[in-house]
Every structure is written in C-alpha cells, then in structure tokens.
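One structure below.
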Amino acid sequence: SSDLAHLVAASAADTKIVRLADDARIAALRIQTLLPPHIAEESDQKMDELEAAMAKEDSAVHQALQALATIPVLSDNPDLKTATSSYDRFSEIKAQILKLSRENTNVRSLAISLSQKRNVMFQCQDALAALRSTIEQEPVVGVPARVPVSPR
C-alpha cells in the first residue's frame, strides 16, 4: 500500500495511474476489513459470503495491478514491482488466516467459556466432594476415626 502511495505521488499528473493505484489500495483495504468478521463468524454460510466478497475485491486488486503493469512508463517501476510482490505475500497470509478461521477454534472456545464453563465447574466440584468424602472415610492406621464435618 505504501508502495502504491509512492507510485501515486510520483505520477500525480497521470489520473489513470492515480485511479488504478487507488483502486488497488481500496480493494486491498476492503479485504482487510472483511477478515475480522470472518474470524469471528460461526456460520459457514456467512463465511462463504465474506469469502465471496473478498474474492471480488481480490479480483479488483489484480486487475488494477495488471492494468498498471501495462502502462509503458511503469514497465520497470520498482514501486509497482514491490506493491505486486507485497500483495502476493498478503494473499498468502490471507489464505492462511481463512484456513485457520474455518477451523473456528476461537468461536468454539468462547462458547465453552460462556456456556459450558458453569456446567464443568459443577462437575468438578462434585468430583472433588466425592474424593474428599472417600478420603475422609478411609481409615488411617494410628489415627482415630473421625466423623466427617459438612462444610457450612
């Protein structure tokens, strides 16, 4: 994105370059804004919709970068080359994020924390109470038997 900003600054007089560079930057930023909702989403259908929107924006980025590459004055432009390789790297990271997001471990762990935590806590308390009762009833050599005291 900063490479495209350099490209725009250097080519401010050429409205076609400015428009294409801005189109690429805006579409890439839209993809970035779609990633957090995808990560937080529980529904596969909604994830599919978000991925379709990202694919549309990804296509817009590629079209703008390819159009910039066809402009003769930019044929060897280092900023355009860096922007293209940076976007390729971003696409790889995005794919990894989407794969991990599809596993939905964060949504599952939140559900466990919010809804199942209380049930598990009561099960643990019951298991500890049973263990305590068993230990208290176990005779120990040399120690007189004592009557278990119920907690208040």
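The values are calculated or read from the model by the stated rules, or taken from the named source; none is laboratory data. Keep in mind that this is a model prediction, so the values were computed, not measured. All Cβ positions, even for glycine, are placed from backbone atoms using ideal geometry, and neighbour counts span all protein chains on display. The area values use the complete protein model at the heavy-atom level, side chains included, leaving out ligands, DNA and RNA. Shrake-Rupley method; radii C 1.70, N 1.55, O 1.52, S 1.80 Å.
Observations on the model:
- Asp3 being within 26 Å of the chain's Cα centre (by Cα) and of a type in the set (D, E, K, R): yes
- Only listed residue being hydroxyl-bearing (Ser, Thr, Tyr) and more than 30 Å from Ser109 (Cα to Cα), chosen from Ser85, Ser43: Ser85
- Matching residues, region 83-119, being more than 21 Å from the chain's Cα centre (by Cα) and free of Cβ contacts under 8 Å to residues at least 24 places away in the same chain: Thr84, Ser85, Ser115, Gln116, Lys117, Arg118, Asn119
- Residue match in region 15-26 (condition: open to solvent by 90 Å² or more (accessible area, probe 1.4 Å), modelled with pLDDT of 95 or more and under 23 Å from the mean Cα position of the chain (by Cα)): no
- If the condition is being polar (S, T, N, Q) and in contact (Cβ under 8 Å) with a residue 40 or more places away in the chain, then region 70-82 contributes Asn77, Thr82.
- Count - residues of region 29-59 that are within 22 Å of Ser86 (Cβ to Cβ) and open to solvent by 80 Å² or more (accessible area, probe 1.4 Å): 5
- Among the residues of region 83-108, those identified as farther than 14 Å from Pro36 by Cα and open to solvent by less than 60 Å² (accessible area, probe 1.4 Å) are Ala83, Thr84, Ser86, Tyr87, Phe90, Ser91.
- Subset of region 61-82 that is within 27 Å of the chain's Cα centre (by Cα) and surrounded by fewer than 17 Cβ atoms within 10 Å (Cβ to Cβ) - its residue that is modelled with the lowest pLDDT: Thr82
- Residues located in region 87-132, provided they are modelled with pLDDT under 90 and of a type in the set (Val, Ile, Thr): Thr105, Val107, Ile112, Val120
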